[in-house]
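Colleague: The structure that follows is given in the form of structure tokens.
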Amino acid sequence: MKILILITLVVFAQCRPWNWPFKSTTSTTTPKPNELSNEKIFGNCTDDDKLIYIDDTRLESNDSTLFGVIEVYIDSPYTITCVKLIDQMQNKTGAKILGLAEGGSGHKFIKINVQGQYGYGIHFKIFVWGNLMKEYITKIIQ
């Protein structure tokens, strides 16, 4: 079973304030902690699903805000049923999960948009569950 993960991250540098490097003005670019969505499940997991992929994805950032797409491709007879992202950043510095871009449940890939906070990176644990494709089960039975 082959599993390929591709993480596409785009960096958008934010303009520095006129009195940079004073931190008091740069803090306004950081989202409020209660606006963050640091754990998200896409799809519906059942007891019949098998955990088919686990990853710990991390990208550091300095004077920038990271926007990215976490992409996971499954090259096996399994189809994705659900995906769970858990943010690993501490002290309310975690990234925001913006939402599902493509794929997910019923597909062999998933693309999820994420955004880090200014000056902090992105660090997620990714869990992917799936079940055997009906076409594969039919081939085995015949």
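Colleague: What's the number of the only condition in (1) of a type in the set (K, R); (2) at pLDDT 50 or above; (3) part of a loop (DSSP other than H, G, I, E, B) that R58 fails to meet?
Modeller: (3)
Colleague: So in segment 75-107, with the set limited to residues that are of a type in the set (K, R) and either touching a residue at least 60 places away in the same chain (Cβ under 8 Å) or more than 22 Å from L132 (Cα to Cα) (or both), which one is surrounded by the most Cβ atoms within 10 Å (Cβ to Cβ)?
Modeller: Out of the qualifying residues, it is K96.
Colleague: Looking only at residues that are over 13 Å from the mean Cα position of the chain (by Cα) and hydrophobic (A, V, I, L, M, F, W, C) in segment 100-142, which one is modelled with the highest pLDDT?
Modeller: W129
The values are calculated or read from the model by the stated rules, or taken from the named source; none is laboratory data. The shown structure was predicted, so the numbers you read here are calculated from the model rather than taken from an experiment. Cβ: placed from backbone, ideal geometry, glycine included. Neighbour counts: every protein chain shown.
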